[in-house]
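Below is one structure; the comments refer to it alone.
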Amino acid sequence: MTQYVYRFGGGVSDGGAGDRNLLGGKGANLAEMASIGLPVPPGFTISTEMCTRYYQEGEHFPDSLRAEVANGLAHIEGITGKTFGNPADPLLVSVRSGARVSMPGMMDTVLNLGLNDETVEGLAATSGDARFAWDSYRRFIQMYSDVVLGLDHGSFEEALEIAKEDQGHFLDTDMNAADWQKLVGEYKRLVQEQWGKPFPQDVHDQLWGAIGAVFGSWQSERAKVYRRLNDIPGGWGTAVNVQAMVFGNMGETSATGVAFTRNPSTGERAYYGEFLINAQGEDVVAGIRTPQYLTRAAREAAGAKPASMEEAMPETFAELARVFELLETHYRDMQDIEFTVERGKLWMLQTRNGKRTAKAALKMAVDMAHEGLITEEQAVGRVDPAALDQLLHPTLDPDAPRDVLTKGLPASPGAASGAVVFDADTAEKRAELGDAVILVRVETSPEDIHGMHAAKGILTARGGMTSHAAVVARGMGRPCVSGAGTLAIDAKAKLFRVGDRTIREGETITIDGATGEVMAGEVATVQPELAGDFGTLMEWADKVRRLRVRTNAETPADCRTARGFGAEGIGLCRTEHMFFDAARITAVRQMILATDEKGRRAALAKLLPEQRGDFAEIFEIMAGLPVTIRLLDPPLHEFLPHEEAEFEEVARATGLGVEALKRRAAELHEFNPMLGHRGCRLGVTYPEIYEMQARAIFEAAVEVAEKTGEAPIPEVMVPLVATRRELELMKELIDRTAEAVFAEKGRRLDYLVGTMIELPRAALKAGEVAEVGAFFSFGTNDLTQTTLGVSRDDAGRFLTSYVDKGIFLRDPFVSLDVEGVGELIRIAAERGRATRPDLKLGICGEHGGDPASIAFCESVRLDYVSASPYRVPIARLAAAQAALRG
Ligand code: PEP
Ligand code: MG
């Protein structure tokens, strides 16, 4: 029979760090911490397999689970000496979610479970603190009613506010035992009223209700959105952890906190975190009370008054610091820790590899390798390539004038400017319209996740460095300033005030997540510094990578940027982009609208020197590196004039009448242009177009070779080939043109002629196609479109549902459909190489910059990937990681 319950604590660990898939991250690490002798409250984990089975069986638990859970409870009771439901000395437990990867705040938790009208008295007696016991009971009812019973959270909050007002209290801490007891009565009345039944008094009913709710929260809307944004498969499921409660709210010698062993924002080697005296765990993350600093240095740096933990509880802090060191050495990575101090005794509630910004990931990886904690290769594996994006984009110009409104906490670095919005839905709507927005909230909650994702930056008035907003923003790579306490936000009126200034919805502000500054208007930015840790890590990556990395670029500026980022050539130069230039478009239109070859040649003659100039510039920038130039690809109708004035301009250039031109334009209309007169079909029907382009390439190459002494290596690429014969015709044309140019100039050059593989037929007949072409470049944008029969321009409307329903794991236009499109690539590579062993293979679709797709390219041993300039470093790192894994 399958085992579903795994115990930990008190010298027992049924699982360990290696069981993350089964026990979830939290469960696996609790077991691991217990096994290395750290103080972990005893408990048990119900595995993720149970979550899957729970849903398969229509949200029911198998009978066998009852006995296993009873065993788990007996384990906890044995160690704590307390009994679940015992009115004299009750055991209380927490019930928490914990998936394979952490999903901060996305799923449910219940604390203080096991309290009822009788056990509350027992808790009061054993703790000697009736106030604490009744406060715990009311917290439990409140949380349980929300999470398990699904009752209106607001009405409980309201009852609490009224209770405080009635007693003339301002803070929760002003409430005494009798006040809390009275509130418990009111809460029970609310439960009866809204649920139609009394609050469950049987502790076992309570437990099963909570277990069901936590498993159930795996399918909550916000968890689904989070999974979609983070590519987490729905099939993984969550585990449930049931653990003895320890209390940070048992007076002034108790506390609770969260900590990182290094700074997750900058990567600096300094303990980082927050704690609250006399508080329960949720109080820190919820951002309701502003927590205190962990270390004296951090407190002083922030100019804060309230004592740090290092100062307020020196002995416990020293013990905590010892645990930090132990955990870092054990896991060889920065840890994110939750702890509680109960009457002076330290308890570890959680540890996990901490989320971090890209900047911090980079610094920590390089530092840890230098410290000898990990190897250089491990360091290369530590940085998420996609997150490098955060580092490659501009930061605020330190010399630019700034109109500072206020300063909050630097919760997630990076700078962002945008229009102020006050709710997540508006953020999403405006972002869809292409606006840059800054989401401004008193504090964020998991319901805001879609708005945080849509926003360029996040600003909150409340909450610390480990608040929901801060954690989620860092995970998403969004700049965030949190806890800007001087902001008075009036979300209803859609404005905030700071001092005597008022900023309304739609006005532009800038936030700097590295300093915490909030500024009115937009502030100028500067390009990032690519030396230092970044350079070091890239060097280590380049040592281990096998795949070459090229770039997709056609403008001189893009070519320079890409070369600066380490591109090793051009994998795709799309020549049509050059045709849209305002100075040339009329000649292009003249060519398209011409009714015969003579008319086309006249227009092409005007374009030749322009194209030659483009190519010469690119060859010079890419001196010594291969440059793949693709001949004209898009359907001609994309260049057609639309406006009357445009037709008139072409009429003047050609001497033809506007009406005749319009008739010709109508003739060129296609019903399905992406499958129409495009790609090499243009070259087959109008060879003079490709002839002009080939001539421009070879003339430019000879010119640059003569000028610089360094001959470029042009790779002339024919698009949208389906058959061997198409490529053969085009190759003859290109070779003939090359010979003509070489004869005219009296100088020869090496060059290659190859093809894109964008059609399934070309992939299948790759053996024949390779008889003609010296290289293949997989155009996976079109190959995905043509293999799936899904229009790349229209797929957005339904692909989200496809991903939600698990038909595709990810959008196949973003991350390669390895099973389908990948199969064609594999076939083409094998058949092509069988014909021509030295066939050069690369990829130039958008997938060339996607880490998962790059890993696939490594597995079929392509020679290179080609990515847009800003993704070149991402591709270098992803290629290195793929090589290390391979
Ligand atoms: C492709 O199809 O993958 C490709 C690179 O060409 P384009 O995106 O220009 O169609
Ligand atoms: Mg294409």
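Key figures
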item	result
Protection proxy ranking, peptides 862-868, 582-588, average beta carbon neighbours within 10 Å, highest first	862-868, 582-588
Estimated FRET transfer efficiency (HIS642, GLU268; beta-carbon r; R0 60 Å; 0.05)	0.60
Rounded FRET efficiency, nearest 0.05, which uses the C-beta distance separating ALA557 from THR253 and R0 of 41 Å	0.05
Beta bridges per DSSP with both ends in segment 393-526, % antiparallel, nearest 5	75
Mean Cα-pair separation over length for segment 667-803, i.e. relative contact order, pairs under 8 Å, 6 or more apart, %	22
Relative contact order of segment 393-526, pairs being alpha-carbon contacts under 8 Å that are 6 or more residues apart, as %	37
Global form of segment 255-353, assessed from the alpha-carbon gyration tensor, a/c cut-off 1.5	rounded
Stretchable slack from ASP403 to ALA297, in nm (0.36 nm times residue separation minus alpha-carbon distance)	35.2 nm
Between segment 384-411 and segment 546-568, the Cα center-to-center distance that results, in Å	25
Label-point separation in nm, LEU433 to ARG652, each point 7 Å along Cα→Cβ	3.7
The chain - share of DSSP beta bridges that are antiparallel (%, nearest 5)	65
Spin-label proximity, THR525 to segment 431-461 - amide N less than 12 Å from point 7 Å beyond Cα toward beta carbon	436-437, 456-457
Additional length obtainable on full extension of the chain from GLU77 to PHE671, 0.36 nm per residue less Cα span	206.5 nm
Tensor-based shape of segment 545-885 (alpha-carbon gyration tensor, a/c under 1.5 rounded, otherwise prolate or oblate)	oblate
Derived scalar couplings ³J(HN,Hα) [segment 259-276; Karplus, 6.51 cos²θ - 1.76 cosθ + 1.60; whole Hz; x for Gly, Pro]	8, 10, 6, 9, 6, x, 9, 10, x, 4, 7, 8, 4, 9, x, 9, 8, 9
Cα→Cβ-extended label distance, 7 Å offset, between ILE36 and ASP581, nm	6.1
Extension reserve of the ALA834-ASN353 stretch, reckoned as 0.36 nm per residue once the Cα distance is removed	168.6 nm
Relative contact order (percent, whole number), segment 1-129, Cα cutoff 8 Å, 6+ residue spacing	23
Highest average packing first - 637-646, 686-695, Cβ atoms within 10 Å	686-695, 637-646
Interchain or long-range residues, amide H under 5 Å from PHE778's placed H	ILE757, GLY842, ILE843, CYS844
Chymotrypsin sites (Phe, Trp or Tyr not before Pro) restricted to DSSP loop in segment 210-300 with at most 10 other C-beta within 10 Å	none
Nonlocal amide H pairs with GLY98, under 5 Å, H built at 1.01 Å	ALA239
Per-peptide average of other Cβ atoms within 10 Å, ordering 563-576, 83-96 highest first	563-576, 83-96
Set of aspartates and glutamates with alpha-carbon distance to LYS345 below 12 Å, sequence-local pairs under 8 removed	GLU315, GLU319
Computed [θ] at 222 nm, deg cm²/dmol, the chain (DSSP H ≥ 4; -39,500 (n - 2.57); rounded to nearest 500)	-14000 deg cm²/dmol
Space enclosed by the convex hull of the alpha-carbon atoms of the chain, per residue, Å³	195
Cross-link reach list, lysines versus LYS429, counting only Cα pairs under 29 Å and skipping chain neighbours closer than eight places	LYS224, LYS355, LYS407, LYS456, LYS492, LYS494, LYS805
Distance in nm between pseudo-label sites at ARG826 and ASP63 (7 Å out along the Cβ direction from Cα)	4.6
Estimated FRET transfer efficiency when R0 is 51 angstrom, pair THR173-ASP500 (beta carbons, to 0.05)	0.95
Under 16 Å from the Cα of LYS197 - lysines, other chains or at least 8 residues apart	LYS188
Under the Karplus curve 6.51 cos²θ - 1.76 cosθ + 1.60, θ = phi - 60°, whole-Hz ³J(HN,Hα) for segment 155-161, x wherever Gly or Pro sits	5, 6, 4, 5, 4, 5, 4
Nonlocal amide H pairs with VAL526, under 5 Å, H built at 1.01 Å	THR395, LEU396, ASP397
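Quick note: the coordinates plus some simple rules give every number you see, no bench work behind them. Treat the numbers as computed from the prediction; the structure is a model and nothing was measured. Cβ: placed from backbone, ideal geometry, glycine included. Neighbour counts: every protein chain shown.
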